[in-house]
Structures are given as C-alpha cells and as structure tokens.
Amino acid sequence: MTLDGTGDRPGPAHKASGGSIYGAVRSDESARLCGRCFARNYSGETYCKMCGEPLPAEIAQLDESATHRLEAPSVRGCLTVHIERDGSEIDLPLDADVVLVGRASVTDGVYPDMDLAPFDHGNFVSRRHAFIVRRHGSFIIEDLESTNGTSLNGSQRLVPHAPTPLRHGDKIMFGQTKVTFSTEAVPQD
C-alpha cells in the first residue's frame, strides 16, 4: 500500500512497467476477437478496429505455434452490379469470409473490401455501408446504420445491425446501387 501524499489515505499502488515509455506493449500472445466480424484486436482495445463493435471482456488466447488445416469454403458468393446507364453488369466476387461493402474515401481513410464508389454517382452508398459474412456455407448481410439504407428484394429495408440471411438470386439495394447476390458451389479436390 502507498500513501497518496496526505499521509492518512491509501492511494493507488503504481508498478513500473517494463514496456514502452509511450504506453502498454501490445502482445501478439493475447488478443480479443470481435464477436461480429472476427477481427483480431489487441488486448487493450475496447472496440473492434474493423467494425466498431464493443469487444468482449475476456481475452482469447491464440496459439500461434499451432498449425490448422483450413478447409476451402464449399460455397462462393458474388455480387453482380447492374449499371442502369448502359444496361451492363459487373461481377464482384466475395473473396473473404467478412466483406465490408461501402464507398472508399481517401480523406477519411476508409477503404472497404467491396468499393461501390465507381457505381454510385449520387453518393448514396455510405463509406461503411454493410457487412456480408460467409459462415458455414451460407451468407448473411448486416446493414451498418447506413445513411440511405440497405433493401432486400425491393421491399424489405434491413434493420441496422440485424444479420439477415442471403439466398441465391436476392436483389440488394445499397442506397440506390442495384446488385444481385449469387452463389455457386466450389468443387472439392
């Protein structure tokens, strides 16, 4: 116990840290995994660096020395963007298990995995508009409180932060950008 300077009240005990003079040393041995997007965050952080979700209180111990054989996903997804000016379509494959859909902004430092800026001439797509997540061979979409919303199949406007299942052939509107979601089976070797 230490005294706080008044001589009669205990104060907080201070320990000298063996880390950096600028703050805590970030350890690769302890990390917090985001429950929403599964991004790896350092143990001292309280919010996910990718999606802003509050992180769980416990620290997940990751064994970096262990090797795991990852099976290839059995389903692959794709967004087909419909360009109304000339009637053309552009396929954008979903290459990761968690894909941030939005509009890139160099000034704000936002670089989504799927940048719809070239197809969004009225800036109706938010910088961080939605997540598309692949889990166990199926896909979900989650609106991230986008300004102009995300609609599914023309009528259903998604509730922010409510994961909604996606099915082959679903029509999605990110603001006013029209896309069609499709899936295909990946052949197993």
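The values are calculated or read from the model by the stated rules, or taken from the named source; none is laboratory data. Computed from a prediction, not measured in an experiment: that's the story for all the values here. Glycine also receives a Cβ, built like all others from the backbone with ideal geometry; neighbour counts cover every protein chain displayed. Only protein heavy atoms, including side chains, enter the accessible area calculation; ligands, DNA and RNA are left aside. Shrake-Rupley method; radii C 1.70, N 1.55, O 1.52, S 1.80 Å.
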**Solvent accessible area, Å² - SER182, 1.4 Å probe, full protein context** = 30
**Request:** Mind listing the long-range amide H neighbours of ARG103? Cut-off is under 5 Å, sequence gap 5 or more, other chains count too, H placed in the peptide plane at 1.01 Å from N.
**Result:** LEU116, ARG127, ARG128, HIS129
**Asked** Gain in length, GLU53 to PHE38, computed as 0.36 nm per residue apart minus the alpha-carbon separation, to one decimal in nm?
**Response** 4.4 nm
**Complete:** Non-local residues with an amide H under 5 Å from the amide H of LEU55, with H modelled 1.01 Å from N and Pro and chain starts lacking one, are TYR47, CYS48
**Fill in**
Spelling it out for PHE139: with amide H atoms placed in the peptide plane at 1.01 Å from N, the residues 5 or more places away or on another chain with amide H under 5 Å from its amide H are LEU166
**Asked** trypsin sites (Lys or Arg not before Pro), restricted to the range 81-132: which are DSSP loop and have at most 10 other Cβ atoms within 10 Å?
**Response** ARG85
**Request:** May I ask you to compute the full-extension gain from ASP108 to THR147, defined as 0.36 nm times their residue separation minus their alpha-carbon distance, rounded to one decimal in nm?
**Result:** 12.4 nm
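Fully extended, how many nm does the chain gain between ASP95 and HIS168 (0.36 nm per residue separation, minus their Cα-Cα distance)?
Roughly 24.6 nm would be gained on extension.
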**Item:** Sites SER155 and CYS78, calculated FRET efficiency, Cβ-Cβ separation with R0 25 Å, nearest 0.05
**Value:** 0.65
**Asked** Over what distance in Å are the Cα centres of the range 118-189 and the range 31-57 separated?
**Response** 23
**Message:** Using only the heavy atoms of the protein chains and a 1.4 Å probe, how would ASP86, ASP143 rank by accessible area, largest first?
**Reply:** ASP86, ASP143
